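S.K.: One structure coming up, written as C-alpha cells, with questions to follow.
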Amino acid sequence: MSKQQLTITVIGARRFDIDGNKIGQIFTMEPADPDDKDRIGNDVMKWGCDHALVEKIEQYESELPCEFDAEALMKAGGGQKAQFKLLSLAKRQITGSKSSGASGGSQSAQASQ
C-alpha cells in the first residue's frame, strides 16, 4: 500500500449506509486526453472515502467544481487493478491559472471502491 499526494477537481460526492457500513464516494473530473479522438469532454472518476470527507465537501457545495489537495491510499483492487481511497482533503487556494484533474501519477488506475 502506498500513499499518494494529488490535486483533484471535485464535482460531487455522496454518502450512504449499506447494512450498517457507512460509505462515501467522491466524484472528480479531468479533461480528456486531446490526442485521444475517442474521448470528448472530461473523464469522470469515482473515489472511495469515509463519511467525514463527504461532510467536508458539503460545505463547498456552492463552489463545486473546485480543486482540493488530497491524500489517497493506493492498494490492490479487484481484477489486478489499483484502487484508491481518499484519506484527506484540503480546499486548494488558487492564485493564478486553474488546472484540473488528478495529478501525481497512476491516473489510469481504477479509482473506484
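S.K.: Would you mind calculating the relative contact order of the stretch 13-72 from Cα pairs under 8 angstrom and at least 6 residues apart, reporting the percent as a whole number?
M.R.: On the way: 67 pairs, mean separation 18.7, N = 60.
So the answer I get is 31 percent.
S.K.: Output ³J(HN,Hα) for the stretch 7-12: one whole-Hz value per residue in order, computed from phi by the Karplus curve 6.51 cos²θ - 1.76 cosθ + 1.60 with θ = phi - 60°, and x for Gly and Pro.
M.R.: With coefficients 6.51, -1.76 and 1.60, one gets 10, 10, 9, 7, 10, x Hz.
S.K.: Given H placed on each backbone N at 1.01 Å, which residues far from Gly12 in sequence or on other chains put an amide H within less than 5 Å of it?
M.R.: Amide H neighbours of Gly12: Phe27.
S.K.: Still on this structure, I have one more. For labels at Arg14 and Val44 in the simple 7 Å Cα→Cβ model, what's the distance in nm?
M.R.: 1.0 nm
S.K.: Can you list the HN-Hα couplings for the stretch 41-55, worked out from phi with the Karplus curve (6.51, -1.76, 1.60; θ = phi - 60°), rounded to whole Hz and with x for Gly and Pro?
M.R.: Values, residue by residue: x, 10, 8, 10, 10, 10, 10, x, 6, 7, 3, 4, 6, 5, 4 Hz.
S.K.: Need one number: nm distance between label points at Ala82 and Gln5, each 7 Å from Cα along Cα→Cβ, rounded to one decimal.
M.R.: With each label point 7 Å from Cα toward Cβ, the separation is 1.7 nm.
S.K.: Between Glu58 and Asp35, what length comes free when the chain is fully extended (0.36 nm per residue of separation minus the Cα-Cα distance, one decimal in nm)? Mind dumping the intermediate values first?
M.R.: Working: separation 23, 0.36 × 23 = 8.28 nm, distance 3.47 nm.
Result for the pair: 4.8 nm of gain on full extension.
S.K.: Rg (Å, one decimal) plus Dmax (Å, integer) for the alpha carbons of the stretch 2-91?
M.R.: Reported Rg and Dmax, both Å: 13.9, 44.
The numbers here are math on the coordinates, done by the rules we state, and not lab data. Everything quoted here is computed from the prediction, not taken from an experiment. As a convention, Cβ positions derive from the backbone with ideal geometry for all residues, glycine included, and neighbour counts pool all protein chains shown.
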